[in-house]
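All of the numbers you see were taken from the coordinates with simple rules; none came from a lab. Source: prediction; values computed, not measured. Virtual Cβ from ideal backbone geometry, glycine too; neighbours counted across all protein chains shown.
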Amino acid sequence: MVSGLESSTLELLKRFNRSFPQFYEQFVSSEIQLENLRLAYRLYKVQQAVIEFKPEGNKSALHFAYRNQSFLLSDVFGVLAAYGLTIHSLSLYGQIKRPMLVFVK
């Protein structure tokens, strides 16, 4: 778990992580866990898909968060293919308990 955080933030992160499959905390880095929590909070505030581009070295990382729906991933990958974008690395995290959010980086 992440050290140096306030106890209230740590408790919120623990509660948030419970909605993911077992072993999420063990295999997903604490930085990704915090990023997913931040994206979930932003999604809660704006009530629509959250899409962010962030520079990572000489590439750009796309961060995406939304409520999981059956068509969601096919639509996302369809847009990427339509614009000829190349995926060099893909991280996909999905909650198995409500509110069933999905996070893609």
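The strands (runs of 3 or more DSSP E) located wholly in the range 10-105 that include 1 or more residues which are touching a residue at least 24 places away in the same chain (Cβ under 8 Å) and either among the aromatic types (Phe, Trp, Tyr) or surrounded by fewer than 15 Cβ atoms within 10 Å (Cβ to Cβ) (or both) occupy 59-67, 92-94, 101-104. Taking the range 22-44 as the range and being over 20 Å from ARG98 (Cβ atoms) and either among the hydroxyl-bearing types (Ser, Thr, Tyr) or in contact with a strand residue (DSSP E or B) (Cβ under 6 Å, 6 or more places away or on another chain) (or both) as the test, the residues that pass are SER29, SER30.
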